[in-house]
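The values are calculated or read from the model by the stated rules, or taken from the named source; none is laboratory data. Here the structure is a predicted model, which means the values were calculated and not measured. Note that we place each Cβ from the backbone using ideal geometry, even for glycine, and neighbour counts take in every protein chain shown.
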Amino acid sequence: MIEIKIFGFGGQGAVVAGELLADVAADSGYYCQSSASFGTEMRGGKVESYVRISKNKIHIRSKIYQPDHLIIMDKSFAKDPKIISNLKEKGIVLINSPDPPEIFHTSENFKIVTVDANGIAFDNDLTTRSGMPIINTIMLGAFVGIVPIINIEQLIKSIRKVPDAEKNINAAQEAYRKVKSQETFDVSKEKVREGATEVFIEGYPWYEEKIPPCETECPAGHKIRRTISLIQENCFEQALEEIMTTNPFPGICGRACFHPCQGRCNRNEYDEGITISALERAVFDHADMNKVKKPVKKDKTGKKVAIIGSGPAGLTGAYFLAILGHDVTVFEVLPVLGGVPRILIPEYRLPKGIVDREVGQIVELGINVRTNTEVGKDVTFEDIMDQYDACLIATGANKSMKLGIPGEDSEGVVSGLEFLKRVTFGEKIDLGSKVAVIGGGNTAIDAARTAKRLGAQEVSVIYRRSSDEMPAYRGEVEDAEAEGIKILYLTMPISIDCNGKRVNKLECMKTMLGEKDENGRRLPQKIEGTNFSVDVNTIIVAVGETLDIPFLSQRVKMKGPLIEVDGLGKTSTRGIYAGGDALTFSRSIVEAIASGKRAALGIAKFLNGRGEYEIIKSSQKEESYAKATETKGGGIVRFSDLDMQYFSKSPRVQMPRLSPQVRIHNFNEIGKGFSKDEAIKEAARCFQCGCCILCENCYIFCPDIAIRFDENIRSFTIRHDLCKRCGICIEECPSGVISKGKELLSV
C-alpha cells in the first residue's frame, strides 16, 4: 500500500487533488481511499488531504501519520521540519516551487522534486476569478511523472471530466514533462514488499537476464546459453542433465536436427555463428553417464497412458509422462523402437547405436513396450481406449505418396520409405548401376546417398522445382552433390518405361515455376517440347508421405490430411491426443519432440486436473517470444545490444569429417564430432547474450560508485540513489544484460 499526504491552503485544491488521484487509481484497478482534515487557524486555513492506494482491500481508516510521499502545494510548508520528519525512508517530496530542490532539505533518506505549478497555471490561464492559480491537476501531472502508480494517459482521461478540461490537460502534461526531464530518482528495491503490486519508473540502468535469439528458435525449448556455459566450464555431465530437462534425445538432435537456432545466433553478424548442433552432440558423446543424474520420477498416479508409435514424438511423450508418475505403454508395429531416426535416417548421418542408447534410457524409466504390434490388427483401438485413461497417437506419416504416372507399378520402382527400411533391416537390394530418385525432401536425398553407397554408379535426383524451393536440408544437398549425385532441378517425370518387366527408362519434361499456391509455393508448369529420357535400373519415389491410420476412422476431426489438435495436442475426442508428423508437414525431429512434450503436458493436465508440471517446459518458440516481450529489460538480445569491443574474431571450430571419396564406399558416420577440447573452444566463442558474465565492466566504469557486487546473490546491483543515469554501464556491458530500464515500486 502507498500512502500519500497532500498539504495546501484553502483554495489551492488539495482536497480535490486527493479525490481526483484516488478516482484515477480506482479506474486503474486499485483499491483507494481519500479523506481530508482542515486546520483550525483563523486565517489561511491549512488543509491536509490523505490518499491510500493498494492492490488489496484497505481496512485502516485513520489519518496518514507516516506517508510514503508528500505533495506540498505551497513551498512554505516545506520549511516546517515537522512535516517532512515523519516521511518514510526513500520517500518522495513534490513541492510547488520555482526554486531548485537543493535549496530545501537535503537528506539521504528522501528525495525532493520541485515544479513551478503556479507559473504553469498562469501560462495556461488556469486561475480563479480572484486570480489564484489552480494547481491541483498540475501537481498530479508532476506526481505521476515521478511516481507512476498510474500513467499520464489515465490521468488525462479523468481530467477530461473537470471544468476547463483542455487547459488542465495541457498544464498537467507540461508539469509531467518538466519533472521527467529532471534527474529524477527512484525508490530502492528494498522498499518492495512481498505481495506488493509492481510499477516501474523509466530511466535507470537495470540488470535483467534476457533471452538469446538462438533459444527463441528451438522448438524443444532447449536452454542453449546455459548448456554452452556448462560446456565452457568442462561440465559435460551437468550440461547433459540441462538438455534432458527439455529434450530426451540430445544424441539424435546433435546429429540430425536442422538446428534453426544456429541461424539466429548473434555471432553470425560478427564472424561465424556458434555450431550449436555440434556442441549438443559433444555433450552426449563426452558426458560420463555414470555421473549423470537420472530424472527423478514423481509418485505413481495410477493412471495409464497408451502411446501408438515409437518415434521422437511418441517416446518424448512417454519420457515426460513416465517422469510425471503415469504408467505408459508404447505400441510399435515394427520390431524395434525409434521411428524415423532408427529406421529411415541412414547410419552415415545417425548411427543406429546412438538411437538405441537414447531409446533404452527412456525405456529404463519403466515404460512398457509392445513391438510387432499393429493397432487395428493385433490389438483393437477400442480395447486400448477401454484399458487406458488416455492415448497419444504418434504413428508418423507412414504411407508413401504415388506419382500418378504410367509405369509406376513396374518392377524396379520402390518408395523411398520402403527402400530405406529394407536397408536398415539388412535386406540385400539389387539396384543396378543407374538409379533415379524422384523428390526433393530429406527422404529423397537420404535415398540417393544410400544408393550411392550400395554401389550404384550413376545416381540422379529429379526435382520439379528450383534449388530455392527444395525442402531438403541445404547441408545434406551439398554433401550429396559432393558425393557425385546429380540433381536435375525444374524437371518432372511423366512416364516410366520397361524392358520386359523391369524399368529401363524414365521420361521427363522440364518445368518452369508459375503462380504461388495457397501455401505460398510456386507451382511447376510443364514446358512443352522439352521431353527427354534418363536410363535407369531402379527408380526410388520419394515425393512425400501421408497418414495411414485406419483404426482412427472417423474418431477425430481432421484438418485436411492432418489431425487437428489444440495447443496441447488434444484432438476433438476426449482422451485422445496426437503429435509428430500426424500434425505437420515439417517432418522435423525437433518439432516432433516438441509436439510430444506438449501432448504429454496436455495428457497430464487431463489426467490430474491441475497444472503443477514444472518438469515440462514450454516447447513452442512463439512462447519464447511472448516471454521475451514480458521481461523488464527488453526481451530478446539483438546484435546491436552487444559491445563488440570486448570480443575478438575467431573462426568456427571445424568438425573433422570423412572426405567424399572415402565415405561413398561405406556407411561410417561422416562427422567425427568434437573432442572435449574442441567443444570447450567452440563454446568459448559464445557471446552469452543477455546473461551477466561477471566481467566487472559496469563496476569499473561507473563514475558514481553506484554499482556494488552482492556476495549473497553473486551478482552486481545498482544503487539508484547514487546513479546519475549516465548510461556508461549500459554501453560497456558486453552481453547486453544492462538496459536503460525500470525500477520496482510497491503499491
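A few remarks follow.
- Pairs where the first residue, in the range 161-181, is farther than 22 Å from ARG129 by Cβ and the second is in a helix (DSSP H, G or I) and among the hydrophobic types (A, V, I, L, M, F, W, C), C-beta under 6 Å, 6+ apart: GLU174/ILE120; ALA175/ILE120; ALA175/ILE138; ALA175/ALA142; TYR176/ILE152; VAL179/ALA142; VAL179/ILE146
- Of the criteria (1) in contact with a Phe, Trp or Tyr (Cβ under 7 Å, 6 or more places away or on another chain); (2) at pLDDT 95 or above, which one GLN238 fails: (1)
- Qualifying residue in the range 178-189 (condition: at pLDDT 80 or above and more than 29 Å from the chain's Cα centre (by Cα)): yes
- Residue identified as closer than 30 Å to SER675 by Cβ and either at pLDDT below 95 or not aliphatic (A, V, I, L, M) (or both) among ARG193, ARG225, ARG160: ARG225
- Scanning the range 74-87 turns up no residue that is free of Cβ contacts under 8 Å to residues at least 60 places away in the same chain, surrounded by fewer than 13 Cβ atoms within 10 Å (Cβ to Cβ) and in contact with a strand residue (DSSP E or B) (Cβ under 6 Å, 6 or more places away or on another chain).
- Test result for VAL590, surrounded by 16 or more Cβ atoms within 10 Å (Cβ to Cβ) and outside the structural domain of ALA322 (by TED's automatic domain parsing): no
- In summary, ILE700 fulfils each of the numbered conditions (1) loosely packed, with under 13 Cβ neighbours inside 10 Å; (2) at pLDDT 95 or above; (3) hydrophobic (A, V, I, L, M, F, W, C) with the single exception of condition (2).
- Scan of the range 464-512 for residues that are of a type in the set (A, V, I, L, M, F, W, C), farther than 22 Å from PRO406 by Cβ, buried (at least 19 other Cβ atoms within 10 Å of the Cβ) and touching a Pro at 6+ places or on another chain (Cβ under 6 Å), ordered by number: none
- Each residue in the range 503-533 was checked for being of a type in the set (Lys, Arg), modelled with pLDDT under 90 and part of a strand (DSSP E or B), and 2 pass.
- TYR625 fulfils the conditions (1) in contact with a Phe, Trp or Tyr (Cβ under 7 Å, 6 or more places away or on another chain); (2) modelled with pLDDT under 50; (3) assigned to a helix (DSSP H, G or I) except for a single criterion, (1).
- Selection within the range 535-553 - under 19 Å from GLY407 (Cβ atoms) and within 36 Å of the chain's Cα centre (by Cα): ALA542, VAL543
- Scanning the range 108-122 for residues that are crowded, with 19+ Cβ neighbours inside 10 Å and small (Gly, Ala, Ser) turns up ALA117, ALA121.
- Flag for GLY440 being in a loop (DSSP other than H, G, I, E, B), within 26 Å of PRO561 (Cβ to Cβ) and not charged (D, E, K, R): yes
- Every pair of residues 6+ apart whose Cβ atoms lie under 9 Å, when the first sits in the range 276-291 and is closer than 11 Å to ALA679 by Cβ and assigned by TED's automatic domain parsing to the domain that holds VAL653 while the second is surrounded by 23 or more Cβ atoms within 10 Å (Cβ to Cβ) and of a type in the set (Ser, Thr, Tyr): LEU279/THR227; GLU280/THR227; VAL283/THR227
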